[in-house]
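Participant: A single structure is presented below for examination.
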Amino acid sequence: MRGRRKSAGREPAATGSGSSGRTPLISGNWKMNHNHFEAIQTIQKLAYALNRDDYRHTDVSVHPPFTDLRSVQTVLQADDIPIALGAQDCHTADSGAFTGEVSAAMLAKLDVTYVIVGHSERRALFGESDELVNAKARAVLRHGMVPIVCVGETVDQRRAGQAHDVVAGQLAGSLDGLDAAVVGTLVVAYEPVWAIGTGETATPADAQDMCAHVRSQAADRWGSDAASALRIQYGGSVKPSNAPDLMEQPDIDGALVGGASLAAADFSRIVNYRLYAA
Ligand code: 13P
């Protein structure tokens, strides 16, 4: 029954990517929200809302603003909470005269596991190119972390029938020159720009179609082993109510959640999408 958690102790069904061997990754991108006091409260509420069992089949990450990372890291470590710490961006260089920037080296020191690169807001508002996203992904990898590489078309590109080509181009450019063995360890987030923060979600079929396209493009370039290991998230107005249907799709291995990740009650229900499946 959607919307109501099924009884405790029930073994969650293996749905969607559960049968692919890929562990789903549910990530909360807090964007420029929550100061460090609010961040501590949110992570504590989230830890309280999730049981140890909830992490058995699903990896979970939160991506607070840079100013919150140390506070959230401290809470996660002190209470031994199995939520991975994530960042929203980084610079390509390890250090230097780049006023206002934060390096991947600094994030690694804070025990960050995942770093989002190439989010559509950075591409659109800060002019980030595929080349820059590629350099950022390499910086993240150089420091032993996992990039979450974002791709996605605008509404105009979709209407013009260019969505598949745009996404294929972003994927090729953002991952250009990486070895197949490395590509298999990455996360790609498909986030159609028109679905971000709008309440308009891609249908599960449309999201699946593009995530399958990403996987087949990856297979063409890096081989089927890399492509079948690659985790592909969907992002764009993911909510507790639509997460189960999205996560049921065979090529969707997780969600990159914006607005609904800010409240622990909603985000914990998305993490537990299996318990709310139809
Ligand atoms: P919303 O979930 O608020 O649409 O944001 C999606 C997103 O951009 C996550 O990175």
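Participant: Exactly one of (1) of a type outside the set (Val, Ile, Thr); (2) modelled with pLDDT of 95 or more; (3) outside any helix (DSSP H, G or I); (4) out of contact with any strand residue (DSSP E or B) (no Cβ under 7 Å at 6 or more places or on another chain) is unmet by Ser61. Its number?
Facilitator: Among (1) of a type outside the set (Val, Ile, Thr); (2) modelled with pLDDT of 95 or more; (3) outside any helix (DSSP H, G or I); (4) out of contact with any strand residue (DSSP E or B) (no Cβ under 7 Å at 6 or more places or on another chain), Ser61 violates only (4).
Participant: Another question, then. State whether the residues of segment 265-272 include one that is crowded, with 20+ Cβ neighbours inside 10 Å and within 17 Å of Leu171 (Cβ to Cβ).
Facilitator: For segment 265-272, residues crowded, with 20+ Cβ neighbours inside 10 Å and within 17 Å of Leu171 (Cβ to Cβ): absent.
Participant: Restricting to segment 141-158, and then to whatever is within 13 Å of the ligand (Cβ to nearest atom) and among the hydrophobic types (A, V, I, L, M, F, W, C), can you tell me which residue is farthest from the chain's Cα centre (by Cα)?
Facilitator: Going residue by residue through segment 141-158, those that are within 13 Å of the ligand (Cβ to nearest atom) are 148-152.
Then drop every residue that is not among the hydrophobic types (A, V, I, L, M, F, W, C), which leaves 148-151.
Details: Ile148: 6, Val149: 8, Cys150: 8, Val151: 11 Å.
Among those residues, the one meeting the criterion is Val151.
Condition check ((1) more than 10 Å from the ligand (Cβ to nearest atom); (2) of a type in the set (A, V, I, L, M); (3) more than 28 Å from Leu262 (Cα to Cα)) across all residues:
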| site | (1), (2), (3) |
| --- | --- |
| Glu200 | no, no, no |
| Ser216 | yes, no, yes |
| Asp220 | yes, no, yes |
| Gly223 | yes, no, yes |
| Ala226 | yes, yes, yes |
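Participant: List pairs: first residue in segment 116-130 and under 10 Å from Val149 (Cα atoms) and within 10 Å of the ligand (Cβ to nearest atom), second residue among the hydrophobic types (A, V, I, L, M, F, W, C) and not in a helix (DSSP H, G or I) anywhere in the structure, Cβ distance under 6 angstrom, at least six positions apart or on different chains.
Facilitator: As it stands, the answer is Ile116/Ile148; His119/Cys150, since those pairs meet every condition given.
Participant: If you go through segment 174-181 one residue at a time, do you hit one that is within 16 Å of the ligand (Cβ to nearest atom), more than 22 Å from Ser228 (Cβ to Cβ) and surrounded by 15 or more Cβ atoms within 10 Å (Cβ to Cβ)? Please lay out each step first, then the result.
Facilitator: Initial filter on segment 174-181 (within 16 Å of the ligand (Cβ to nearest atom)): 174.
Going one step further and asking which of them are more than 22 Å from Ser228 (Cβ to Cβ), we end up with none.
No - not one qualifying residue is present in segment 174-181.
Participant: Arg159 is checked against (1) surrounded by fewer than 17 Cβ atoms within 10 Å (Cβ to Cβ); (2) under 14 Å from Asn29 (Cβ atoms) and fails just one. What number does that condition carry?
Facilitator: That leaves (2) as the condition not met.
Participant: Within segment 81-90, can you find the residues that are closer than 15 Å to Gly144 by Cα and either in a strand (DSSP E or B) or touching a Pro at 6+ places or on another chain (Cβ under 8 Å) (or both)?
Facilitator: Ala84, Leu85, Gly86, Ala87
Participant: Go over the candidates Gly236, Gly259 one by one and state the one that is within 12 Å of the ligand (Cβ to nearest atom), surrounded by fewer than 22 Cβ atoms within 10 Å (Cβ to Cβ) and either among the hydroxyl-bearing types (Ser, Thr, Tyr) or touching a residue at least 60 places away in the same chain (Cβ under 8 Å) (or both). Please lay out each step first, then the result.
Facilitator: On the way: Gly236 fails: surrounded by fewer than 22 Cβ atoms within 10 Å (Cβ to Cβ).
Answer to the check: Gly259.
Participant: Of the residues Ala93, Ala105, which is surrounded by 15 or more Cβ atoms within 10 Å (Cβ to Cβ) and either at negative phi or in contact with a His (Cβ under 7 Å, 6 or more places away or on another chain) (or both)? If you could, list the steps in order and put the result at the bottom.
Facilitator: Details: Ala93 fails: surrounded by 15 or more Cβ atoms within 10 Å (Cβ to Cβ).
Only one candidate qualifies: Ala105.
Participant: A follow-up question, please. Could you please find all residues in segment 1-50 being in a loop (DSSP other than H, G, I, E, B), aliphatic (A, V, I, L, M) and either at pLDDT below 95 or within 16 Å of the ligand (Cβ to nearest atom) (or both)? Give the steps one after another, and end with the answer.
Facilitator: The first filter runs over segment 1-50 and keeps only residues in a loop (DSSP other than H, G, I, E, B), leaving 1-15, 20-24, 30-35, 50.
Then drop every residue that is not aliphatic (A, V, I, L, M), which leaves 1, 8, 13-14, 32, 50.
Those that are in a loop (DSSP other than H, G, I, E, B), aliphatic (A, V, I, L, M) and either at pLDDT below 95 or within 16 Å of the ligand (Cβ to nearest atom) (or both): Met1, Ala8, Ala13, Ala14, Met32.
The values are calculated or read from the model by the stated rules, or taken from the named source; none is laboratory data. As the structure is a computational prediction, the values presented were derived from the model and not from experiment. Note that each Cβ is placed from the backbone with ideal geometry, even for glycine, and that neighbours are counted across all protein chains shown.
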